[in-house]
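A quick write-up on the structure given underneath.
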Amino acid sequence: MANDGFGSATGKVAQVRGRLLELIDHGDEGVALPSERRLAHDWGVARMTLRRALDDLATAGLVVREHGRGNFVARPKLTRRLAMTSFSQEMRNRGLVPGSVTLEFRRLPAGPRQARTLRIPVNTTIVRFTRLRTADGDPIGVETTWVADDVVPDLTPADLDGSWYDLLADRYGIPILTGRTTIEPTLLDERIAAVLHTDPGRPAFQLDVVTFGPNGRVVECGTDLFRGDRFQLTAELRPVPAPALRRHARRSA
């Protein structure tokens, strides 16, 4: 048996992996695989062997395992560029329909952390809202945003069904020009996992975002959580001139 990309191609686990890969190759994205009991019976293998093979394929992103529901052929991961492009625009660029469901919307006094990030006094009124983001109806991530109330006067939950960046630019005249994103791996807790229709403890990306408008003013900050099994991030990398090269460029100017 040929190596299937998971190390040694010997043993029962590798054989079961190969048969599962055949099922995946002939299955549609998102379709449920036969039950573990049925596969173990039909193939004459132990349930433990089958589960090890399924775990390997889940780790490789080829199978999605959902507790209480079964195993599913994984959908291709959605790619989001690390650029000043809204989630809505990114999804539309990929031929998908973006969606937004507002889970929470509150006005409250800014605490020290939000005040420091937004560069406003502590206890200034801010708006905090949390939205479920979907692509073609599929739950992808949860975004929580903080913005000073005087930046978005009269903002209501009904305003948040579309692109947040478009709303800032079109209604409030604040284009998002630059931003800073910090990315960390994390695990989904029970609350967020339930919203995203997946299991607690599944891997996710946490993006801590700060955006800036004209004159370098901080517009908003936020924390986004995106499913690791449905999402991948990509960035274009460009060389940064060495200090010596920058000095030479200034002398030559």
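The values are calculated or read from the model by the stated rules, or taken from the named source; none is laboratory data. All of these numbers come straight from a predicted model, not from anything done at the bench. Note: ideal-geometry Cβ built from the backbone for every residue, glycine included; neighbour counts use all protein chains shown.
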Examine the stretch 30-48 for a residue that is part of a helix (DSSP H, G or I), among the β-branched types (V, I, T), in contact (Cβ under 8 Å) with a residue 24 or more places away in the chain and surrounded by 15 or more Cβ atoms within 10 Å (Cβ to Cβ), and state whether such a residue exists.
no
Counted residues in the stretch 110-130 being surrounded by 14 or more Cβ atoms within 10 Å (Cβ to Cβ) and outside any strand (DSSP E or B) come to 7
Evaluation of R107 against (1) out of contact with any strand residue (DSSP E or B) (no Cβ under 7 Å at 6 or more places or on another chain); (2) exposed (fewer than 12 other Cβ atoms within 10 Å of the Cβ) (one fails), failing number:
(1)
One residue from V142, V122, V127 being farther than 23 Å from R217 by Cβ and not hydroxyl-bearing (S, T, Y):
V142
Selection over the stretch 80-103 where residues are over 14 Å from R133 (Cβ atoms) and of a type outside the set (S, T, N, Q) yields a count of 5
Need pairs with beta-carbon distance below 6 Å; first residue free of Cβ contacts under 8 Å to residues at least 24 places away in the same chain and within the stretch 193-217, second small (G, A, S); sequence gap 6+ or separate chains.
P200/A193
Which listed residue, of V73, V64, is out of contact with any Ser or Thr (no Cβ under 9 Å at 6 or more places or on another chain) and surrounded by 15 or more Cβ atoms within 10 Å (Cβ to Cβ)
V73
Can you find a residue in the stretch 70-93 that is part of a loop (DSSP other than H, G, I, E, B) and at pLDDT 80 or above?
no
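Yes/no matrix, rows are residues, columns are (1) hydrophobic (A, V, I, L, M, F, W, C); (2) touching a helix residue (DSSP H, G or I) at 6+ places or on another chain (Cβ under 7 Å); (3) not assigned by TED's automatic domain parsing to the domain that holds R202:
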site: P109; (1), (2), (3): no, no, no
site: L118; (1), (2), (3): yes, no, no
site: T125; (1), (2), (3): no, yes, no
site: F129; (1), (2), (3): yes, yes, no
site: A148; (1), (2), (3): yes, yes, no
site: D159; (1), (2), (3): no, yes, no
site: W164; (1), (2), (3): yes, no, no
Take R51 and tell me if it is of a type in the set (D, E, K, R), surrounded by 12 or more Cβ atoms within 10 Å (Cβ to Cβ) and in contact (Cβ under 8 Å) with a residue 12 or more places away in the chain.
yes
Please note which strands (runs of 3 or more DSSP E) are completely contained in the stretch 139-253 and include at least 2 residues that are modelled with pLDDT of 95 or more, surrounded by 16 or more Cβ atoms within 10 Å (Cβ to Cβ) and more than 15 Å from the chain's Cα centre (by Cα).
203-212, 218-227
